[in-house]
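Read-outs: derived from the displayed coordinates by stated rules, not from any lab. Please read all numbers here as calculations on a predicted model, not as lab measurements. All Cβ positions, glycine included, derive from the backbone under ideal geometry; neighbour counts span all protein chains shown.
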Amino acid sequence: MSGAAAAPTGFAFSRRRRRFRFVSRHLTILVGGTLLTLLIALSLAAPLITPYDPVALDVIHRLRPPNAQHWFGTDNYGRDILSRTLYGGRISLFVGISAALASGLIGTTIGLFAGMFRWADAISMRITDGLMAIPSILLAVAMMTLVRPGVLIVIIAITIPEVPRVARLVRSVVLVIREQTYVQAAASIGTRLPRLLLHHILPNALTPIIVQATYVCASAVLLEAYLGFLGVGIPPEIPSWGNIISDGRTYVQLAIWIVLFPGAFLGLMVMSINMLGDGVRDLLDQRLANRF
Amino acid sequence: MPEPTAPPALEIDNLTTCFDTQDGVAVAVDGMSYSVRSRETVGIVGESGCGKSVTALSALRLIPTPPGRIAGGRVLLEGRDLLQLGEADMRQVRGNAISMIFQDPMTSLNPVLTIGQQIAEIGMLHQGLSRKSALDRAAEMLRVVHIPDQRRRLEEYPHQLSGGMRQRVMIAIALTCSPKVLIADEPTTALDVTIQAQILDLLVELQESTGTAIVMITHDLGVVSEMAQRVVVMYAGQKIEEAPVGALFEAPLHPYTCGLLAASPRFAEERNEAGHRRPLAEISGTVPPLTNPLPGCRFAPRCPLAEEHCRRAPPPLVERRPGHWAACWHAGEMPPVPHA
């Protein structure tokens, strides 16, 4: 790496320089990772940060602007926006991570089969084409209107439109990897097909899957907020960012802080996850990393 | 030199492999036959795309199906027809009785698995070894292929090894189960010359100690002359000449073989008055498309001796001298190569 260039100038310098290089090369991963860790920590530590119950009504202190007691102000029922935002972060994270894991697992399985077997390819890719023709938000809204809303249903409604994207990506990666000599070499020593898939092909496909999963996570956080805002997401009594913004939209002119803070948190979280995804891609994809 | 009476370890008999393409059926291997005995090395020579590798992959039944399929013939491993075996039995043959080494050691090892995992896999597959004893066996195999510091190497990943090292690892994997037949598909093409010589020496040494039959696929006539006892020359999916290595180099019968020999560079060669070496000879033209084979001799369009008869009737493979077969209407009529 930097060894050859930095060696003559001494150890301390080369070390500092190497550290500087890592920071400059992986700035996105550091900023994104730090921001996301901070947001996760805030959400998890919500009871330690704020004494208020996110759903407790306090009509006397309604629509208060940010102040010493209520740092982010209160809404039209006097509920503390800071508590609601932090607790809402838990929901968003849970939905985002669950949807990323679920669509990652299901999509990878479908993609592996589609990449390896022609019959599976023909069937699954046609279904995928069909699903991708429908905008994910419409698909999710349509699903939500059919069943009683709940967190699990929201996760399923977000996962289904994401599965085809992951499946297609994995399929395309598998199509490349299965032609590599090392796969042929493994087959030439009598390796069984399941082992070939899981042991030889899947690990080589992992990088794009991980990166794609972070993007799914970010878009799931956003989609959850959309659904909440449209009133078809998580039940309104549960504070999620979408729900808080939805509740506050009628008071925007009176009390902008109701939508401002959860909105800012939403933006920051989506941005940090995306930055982390970009950073991880640069870190793991040697072809991109070696260019510097 | 092996005894001529010994039964062949591997015999490929009239093998035909086709690929269904959009332009029609491409017959990549057309009635190919050759055999190799224990302790013997047979060189398979021919230019790119002439079916050398497809023949070998067909023998292991590793042709991707579809689009490929084996349309006919037999592949006999010590008399047993591999084309009749079930898939489970075939897996027992791969890596166990027949092993293969591939051309590019940079891509034939899985980049995300350690060397140890990759060598141990074959021992666990075919010898029923536990992970630990398979790793012990892997270390032993690394010693056999002269890689020092085996325990540390087992922990390393392919990118930490040089090309020659990786090819040694591939040889270690291929020979773990002491196969009857080793198919080496251009094992030295991707390596530089000094490493090539080391790898070839290693193969010879291991063949002497294990008695493995080697099928050496190459387009490097130098490798063939060093390694092989017999040579099979392929053109457009067919065998056009087969001879003991000495006979082939001294008196090639087929015009294509003559062309191949003329096209190989020579180190010690007389120079002309200006001090320049003779320019390398070439065989003009390209291999005809396999989807639409010519009615007559497939080499006719590129052959200096071709005449009307060659274009109409395919020449049969005839034994012109003892052990020396050629498929040409004008076998042996090519003027001798103007070499030093």
Could you tell me which of the residues A:Asp75, A:Asp58, A:Asp80 is more than 30 Å from B:Gly68 (Cα to Cα), more than 14 Å from chain B (Cβ to nearest Cβ), acidic (Asp, Glu) and in contact with an Asp or Glu (Cβ under 7 Å, 6 or more places away or on another chain)?
A:Asp75
A:Tyr215 passes all but one of the listed conditions (1) in a helix (DSSP H, G or I); (2) within 13 Å of another protein chain (Cβ to nearest Cβ); (3) not basic (Lys, Arg); the exception is number (2)
Boolean, B:Ile44 is more than 10 Å from chain A (Cβ to nearest Cβ) and either surrounded by 19 or more Cβ atoms within 10 Å (Cβ to Cβ) or free of Cβ contacts under 8 Å to residues at least 40 places away in the same chain (or both)
yes
Scanning the stretch A:190-212 residue by residue, the ones that are outside any helix (DSSP H, G or I) and in contact with a Lys or Arg (Cβ under 6 Å, 6 or more places away or on another chain) total 1
Close pairs from the stretch B:94-107: first under 18 Å from B:Thr55 (Cα atoms), partner aromatic (Phe, Trp, Tyr), Cβ under 8 Å, at least 6 apart:
none
Contacts under 8 angstrom Cβ, first residue in the stretch A:181-197 being touching a residue at least 12 places away in the same chain (Cβ under 8 Å) and at the interface with another protein chain (Cβ under 7 Å from one of its Cβ atoms), partner buried (at least 21 other Cβ atoms within 10 Å of the Cβ) and among the hydroxyl-bearing types (Ser, Thr, Tyr), 6 or more apart
A:Tyr182/B:Ser108
Restricting attention to the stretch B:47-70, report how many residues are more than 11 Å from chain A (Cβ to nearest Cβ) and within 23 Å of B:Ile283 (Cβ to Cβ).
8
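Filter the stretch A:164-180 down to the residues that are of a type outside the set (A, V, I, L, M, F, W, C) and more than 14 Å from chain B (Cβ to nearest Cβ), then identify the one that is farthest from A:Ala99 (Cα to Cα). Explain how you work it out, then say what you get.
Of the stretch A:164-180, the ones of a type outside the set (A, V, I, L, M, F, W, C) are A:164-165, A:168, A:171-172, A:178-180.
Narrowing further to those that are more than 14 Å from chain B (Cβ to nearest Cβ): A:164-165, A:168, A:171-172.
Working: A:Pro164: 13, A:Arg165: 13, A:Arg168: 17, A:Arg171: 20, A:Ser172: 22 Å.
Of everything passing the filter in the stretch A:164-180, A:Ser172 is farthest from A:Ala99 (Cα to Cα).
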Looking only at helices (runs of 4 or more DSSP H) that fall completely inside the stretch A:68-175, which ones have 1 or more residues that are buried (at least 24 other Cβ atoms within 10 Å of the Cβ) and in contact with a helix residue (DSSP H, G or I) (Cβ under 9 Å, 6 or more places away or on another chain)?
A:81-116, A:136-146
Selected residue (criterion: surrounded by the most Cβ atoms within 10 Å (Cβ to Cβ)) from residues of the stretch B:19-41 that are of a type in the set (D, E, K, R) and in a strand (DSSP E or B)
B:Asp30
What about A:Met271, is it surrounded by fewer than 17 Cβ atoms within 10 Å (Cβ to Cβ), farther than 19 Å from A:Ala46 by Cβ and in contact (Cβ under 8 Å) with a residue 12 or more places away in the chain?
yes
Scan the stretch B:290-340 for residues that are part of a strand (DSSP E or B) and touching a strand residue (DSSP E or B) at 6+ places or on another chain (Cβ under 7 Å) and report the count.
6
Pull up the stretch B:145-163, narrow it to residues that are in contact (Cβ under 8 Å) with a residue 40 or more places away in the chain, assigned to a helix (DSSP H, G or I) and buried (at least 19 other Cβ atoms within 10 Å of the Cβ), then point me to the one that is farthest from the other protein chains (Cβ to nearest Cβ).
B:Leu154
Find all pairs meeting these conditions: Cβ atoms under 7 angstrom apart; at least six residues apart or on different chains; first residue within the stretch A:145-162 and within 14 Å of A:Val216 (Cβ to Cβ); second residue crowded, with 19+ Cβ neighbours inside 10 Å and of a type outside the set (Gly, Ala, Ser).
A:Ile155/A:Val95; A:Ala157/A:Met144; A:Ile158/A:Val95; A:Ile158/A:Leu223; A:Ile158/A:Glu224; A:Glu162/A:Val216
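Go through the stretch B:164-174 and count every residue that is surrounded by fewer than 23 Cβ atoms within 10 Å (Cβ to Cβ) and within 11 Å of chain A (Cβ to nearest Cβ).
Residues meeting the conditions: 1.
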Out of all the residues in the stretch B:88-138, which are among the charged types (D, E, K, R), within 25 Å of B:Gln160 (Cβ to Cβ), in a helix (DSSP H, G or I) and facing chain A (nearest Cβ under 9 Å)?
B:Glu121
Between A:Arg118, A:Arg64, A:Arg126, which is within 14 Å of another protein chain (Cβ to nearest Cβ), among the basic types (Lys, Arg) and more than 20 Å from the chain's Cα centre (by Cα)?
A:Arg118
Lone qualifier among B:Val25, B:Val75 - being on the phi < 0 side of the Ramachandran plot, touching a Leu at 6+ places or on another chain (Cβ under 6 Å) and away from every other protein chain (no Cβ under 13 Å)
B:Val75
